Structures are given as structure tokens and as C-alpha cells.
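Below: the structure, in C-alpha cells.
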């Protein structure tokens, strides 16, 4: 990190405008990264007494609301590293707060998927990718998939708009959905068919 800061400070003094502007943008990114890392550590240690790493104190409701907003805004950041860090923080918060204490999270993520912004789409998909890695209840899954899968399908089919990485992530999230469906089918086969029938032909 120190070497990167030194190099970009040097480039920021360049007489070449392109080099200078690139270095200035990179310095702004480097300023944000420690803040994103600190936020990640804060959430892991202080967010909820239900987590393994909790050491307290737990923040009050108002502080949690501010942190949620900051983390979500990070999903739109021009820096992919900031978006990835923000997505990790949101997924950690969501594992404790969604849907009871952050009921509009899913709507916010779907809205970003519909935005057409590559940064916002990437950020939201990183959250969803992390989200499905954690335990998810049948009720939560039934809330997420009807809204999510149509948007993932649109992204997958938009070859000229979205990069192969973004479209590949849409497939990865769909695969996670199928794996969860397979697990749920063993206990509730009658509840799974409504999900599978309409979506499998399209995919």
C-alpha cells in the first residue's frame, strides 16, 4: 500500500495530464480502501451479539442505519475494490438484519440490477453472490428468487451491454439458486415446482 501511494503521488506531479489524472483518481481510491476495510472489521466485531466474532459494544439503531447507507452507497463506487468490500459488508449485515431490520434491501438491490449502470450491477451482484453463500431460510429464498431470476436472465441475454464477467456472475448466482432448490426439494418437494417450471425453459 505504501509503495502504491508513493508511486501515485509521484505521478500526480507529472506534466502529462493523462498520467496526472489517473494518479489522482488512484489516490482517491487508496484513501477509500482503508475506510472500507475498517468498516468490514467494525461490522464483524460489533454488529450483532449473534455472530462468532462479536466483542461489542453493539451500535444503536441510528448508527446502524448510517452504516447500512454508507455500505450500500459503496456498491456504486467507480472502484471495483470498494464495491467488493461494500458487498462483503452488506452481506454480513444482511445475514443478521434482513428482512426484519432492513426490509427494503432486496428492493434496493433489484433496483440497482435494473439501473443499467455497470458499477451498480456489479456491486449488487457481488452482494447476492455473497448472500447465497450463507444460510438462507426457505421463506427468504421464496422472497428473493421471483424478483431476482428475471433480472439475472436479462443480464445474461444482454451480450452487447454487459461484460462476460458480469454475465458469468449471473450464471453463478443462478447455479447457487438451483443448488438451494435441490436442498429444499428434499424436504418440501411441493414448494419447489412453482419455482422450477417457469424459469428452467428460459435458462
* Asked: assigned to a loop (DSSP other than H, G, I, E, B), more than 25 Å from residue 96 (Cα to Cα) and without any contact (Cβ under 8 Å) to a residue 12 or more places away in the chain - does that describe any residue in the stretch 159-174?
  -> yes
* Structure fact -> Looking across the stretch 99-116 at residues that are in contact (Cβ under 8 Å) with a residue 24 or more places away in the chain and more than 14 Å from the chain's Cα centre (by Cα), the single one that is farthest from residue 152 (Cα to Cα) is 101
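Read-outs throughout are calculated quantities, based only on the coordinates presented, and are distinct from any laboratory measurement. Because the structure is predicted, anything quoted here is derived from the model rather than measured. Note: ideal-geometry Cβ built from the backbone for every residue, glycine included; neighbour counts use all protein chains shown.
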